[in-house]
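Readers should treat all values here as calculations from the given coordinates under stated rules, not as data from a laboratory. Being a predicted model, the structure only gives us computed values, none of them experimental. We place every Cβ from the backbone using ideal geometry, glycine too, and count neighbours over all the protein chains shown.
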Amino acid sequence: MTLKEAWPEAYDIVMPLYDAQFFKSDSTVWALIVIAQETTQKVLNAQRLKLLSEFKKQMPEIT
């Protein structure tokens, strides 16, 4: 079974993320290498800084 057959709804989105594919002799995918950068912490930190900035703006009104 090919990756496209196994996961057709995500194939066009996922495949550009793969940097290398290794195939078996029967042409099925044996392994994939994905080189990607995790950005979750960066996004969360940006959200935290924005929230803290909003708190800072409202602090004079509270005290």
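Does region 3-62 classify as rounded, prolate or oblate by the C-alpha gyration tensor (a ≥ b ≥ c root eigenvalues; a/c under 1.5 gives rounded; else a/b over b/c gives prolate, otherwise oblate)?
Cα axes put region 3-62 in the prolate bin.
Lysines within cross-link reach of Lys50: Cα-Cα under 29 Å, excluding same-chain residues under 8 positions apart?
Reachable lysines: Lys42.
What does the highest-first list of 50-56, 2-8 look like by mean Cβ count within 10 Å?
Values: 50-56: 9.9, 2-8: 12.0.
Going from most to least packed, we get 2-8, 50-56.
In region 3-62, with Lys and Arg counted as +1 and Asp and Glu as -1 at Cβ, which of these residues, Val29, Ala46, Met59, has the Cα nearest the positive end of the dipole, that is, farthest along it?
Of Val29, Ala46, Met59, it is Met59.
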